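Below is one structure, written out as structure tokens; comments come after it.
The values are calculated or read from the model by the stated rules, or taken from the named source; none is laboratory data. As the structure is a prediction and not an experimental result, all values here were calculated from the model. Cβ placement follows ideal geometry from the backbone for every residue including glycine, while neighbour counts extend to all protein chains displayed. Remember, those area values only see protein heavy atoms, side chains included, never the ligands or the DNA or RNA. Shrake-Rupley method; radii C 1.70, N 1.55, O 1.52, S 1.80 Å.
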Amino acid sequence: MTLKLSAQPASFSAKKRPSTSLPRPRKSFFARYQILVLGAALAAIFSNLPIYIYILNPKLLPKYFFFGIFVLLAPLVLLKLRSFSAYLASPFVVWAGLFLVLNLVHLTSLSIGGGWGDTYIIDNQNEARQSLIATRIQYILFSILLGFAAYASGHRDYLYPVAVLMVLVPCAVIVDFARPGFFYPLDTEGMVLGRAAATFINPTMAGEAILLVFLMGCAVTSARYRVPLFFLAGAAVIVTFSRSSIIAWVLLLLILSFKRSLPKSALMTALAVFGLGLTLLGSVEAYLQSRQDLEAASSNILSRLDFFFDMKFDDDSSEERADVIRAGWELFLQNPVFGAGAGATQFWSQHASTHNQLLLLAAEYGMFGVGLWIWLLLILWKGTFFAEKGLRAATVFLFIFMTLFTHQMFDSATYWLASFALISLRKIEAFDHRP
């Protein structure tokens, strides 16, 4: 299938406009350089390559990639100082700046041996906690520079690699399900046997990234290809067996159809597919049980499928999430104003963090963290990166919904921060919308 990409926003309810006869101006060397670097950075981030390469080879730290992109994008600031000054006053940069200062205060407090969280975390983890906060600061700085590169661009050609990932990422995840061990050894830390993730290792991260890539890629993808791409994304999400991502995919279908970013026929097609799936459910279960490579994981997978019929939260994963949510809430109540300190929920007595981004911000930063989450939500809603209201509503929904199931939006899941930097852009008049 050949994709026809377009920088013109597509809507199924919009009338066709007559094409312009004006020639498209040739891009300068600097403009092509900007597109190449920014496009490569987004392709690597949305495919999780820096983290994936590090997991395969711990000597290649993710910071090497981010530092390299930082160096390549730095000349933009020097050549466009006036635009950079204006960008520094943009809502996302102001938000990121406050978040940055808050983390610096926490990092400084830990460095001098005092401050928040000493009572709440495991002993002898102070150095590791400082490292986590420093990494979080670096990701914030990188997202600011990445956002400026997009802000200073007069077109959206840099999004074409993301549009290509609308095919590559789901296909990679499906291959990972068909051939476990193809992308990483089966004893890799963080992987879950039977649940596909490809370069994301973690199946929950893979599911949310697939949906995010689809929405971001729609900004430059012709409307006629959205339906097959959306169902391809759905097929990949299903083999991650991530309940949150599967539910999010269904709700996105409703939102995009209602807002006419997808045709109403997509909803009818989905209903037909669901009906067929219910009919073949017994065959699917038999297939999963017949695969010897999934024998140890079949019970977990089947329990996740059964959830959509009995709606019971009695599996190990659900119980773990309930435990860390209670622990996170208690941590917030102990210090509701300033929180337990940045990184506190990463180095505590629980086996995992909160699995909830809003709760993590509340537990670690107190009411300041809750305010940051609400502020970011408003910034994303008011952003004009998407010309279509349906895509904007869908991305804001995805942020709100996935907040309930992930705690890595400002840490290792760098595709979230990159998306925030882009979606919050308001300089839409500078974009070239011509096909």
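Starting from the residue with the highest accessible area, list Val213, Val167 in decreasing order, probe 1.4 Å.
Val167, Val213
Please give, to one decimal in nm, the separation of the simple spin-label points placed at Leu88 and Leu271, each 7 Å out from Cα toward the Cβ.
Between Leu88 and Leu271, the simple spin-label model gives 5.6 nm.
With label points built 7 Å along Cα→Cβ from the Cα atoms of Lys389 and Ser111, find their separation and express it in nm.
Spacing of the two 7 Å Cα→Cβ label points: 4.8 nm.
Quick one: which of 242-248, 136-142 comes out on top by average Cβ neighbours within 10 Å, and what's the full order, highest first?
The peptides rank, most packed first, as 242-248, 136-142.
Using the Karplus equation 6.51 cos²θ - 1.76 cosθ + 1.60 (θ = phi - 60°), what ³J(HN,Hα) coupling, rounded to whole Hz, does each residue of segment 41-48 give in order, writing x for Gly and Pro?
Per-residue couplings from phi come out as 5, 5, 4, 5, 5, 6, 9, 6 Hz.
What ³J(HN,Hα) values, in whole Hz, does the Karplus curve 6.51 cos²θ - 1.76 cosθ + 1.60 give for segment 396-402 when θ = phi - 60°, with x put for Gly and Pro?
Rounded to whole hertz, the list is 5, 4, 4, 4, 5, 5, 6.
Once fully extended, how much extra length lies between Phe29 and Val175, figured as 0.36 nm per residue of separation less the alpha-carbon to alpha-carbon distance?
Gain in length upon complete extension: 48.7 nm.
Between Leu404 and Arg260, with labels modelled 7 Å along Cα→Cβ, what's the label distance in nm to one decimal, could you check?
It is 2.9 nm.
Quick query: amide H of Thr221 versus all other amide H atoms, modeled in the peptide plane; which residues come in under 5 Å with a sequence gap of 5 or more or a different chain?
Excluding prolines and chain starts, which carry no amide H, the hits are Ser6.
As a test of reading the structure, rank Lys80, Lys264, Lys259, Lys59 by solvent-accessible area (1.4 Å probe, protein chains only), most first.
The most accessible residue leads, giving Lys59, Lys264, Lys259, Lys80.
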